[in-house]
Amino acid sequence: MGSLAAAIVVGLGALGASLGIGLIVSKTLEGVARQPEIRGQLQTIMFIGVGLVEALPIIGVVIALMVMNN
């Protein structure tokens with residue numbers, strides 16, 4: 001039962017992160033298309049956002065490993 005729960009946690013974490021990163025990059029590209037002069041600022045904000053969103057699946061993997069050890 002723990003293996004199934006771990007697989008669900010990791011899978012949903014990866015799915016959510018991929019959707020979130022897709023939206024972040026999409027909106028950044030829209031912003032650059034509208035105002036190319038602030039590309040650097042938007043890119044910096046995008047990388048911070050991607051890093052924060054990427055933390056979710058990492059936390060999910062840690063939780064899954066904790067569930068598997070019990």
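Miscellaneous remarks
- Residue match in the stretch 26-40 (condition: over 15 Å from A14 (Cβ atoms), open to solvent by 80 Å² or more (accessible area, probe 1.4 Å) and touching a residue at least 12 places away in the same chain (Cβ under 8 Å)): no
- Meets criteria (modelled with pLDDT of 90 or more and open to solvent by 40 Å² or more (accessible area, probe 1.4 Å)) for I48: yes
- Residues of the stretch 1-10 satisfying the condition of being touching a helix residue (DSSP H, G or I) at 6+ places or on another chain (Cβ under 8 Å) and either free of Cβ contacts under 8 Å to residues at least 40 places away in the same chain or open to solvent by 50 Å² or more (accessible area, probe 1.4 Å) (or both): S3, A7, V9, V10
- When L29, L23, L56 are checked against the criterion of being at pLDDT below 95 and either aliphatic (A, V, I, L, M) or over 27 Å from A5 (Cβ atoms) (or both), L56 stands alone in meeting it.
- Residues of the stretch 11-42 classified as more than 26 Å from L65 (Cβ to Cβ) and in contact with a helix residue (DSSP H, G or I) (Cβ under 7 Å, 6 or more places away or on another chain), total: 7
- Residues in the stretch 49-70 that are closer than 11 Å to G20 by Cβ and of a type outside the set (A, V, I, L, M, F, W, C): G49, E54, P57.
The values are calculated or read from the model by the stated rules, or taken from the named source; none is laboratory data. Given the structure is predicted, the values throughout are model-derived calculations rather than measurements. As a convention, Cβ positions derive from the backbone with ideal geometry for all residues, glycine included, and neighbour counts pool all protein chains shown. Calculation scope for accessible area: heavy atoms of the full protein, side chains included, ligands and nucleic acids excluded. Shrake-Rupley method; radii C 1.70, N 1.55, O 1.52, S 1.80 Å.
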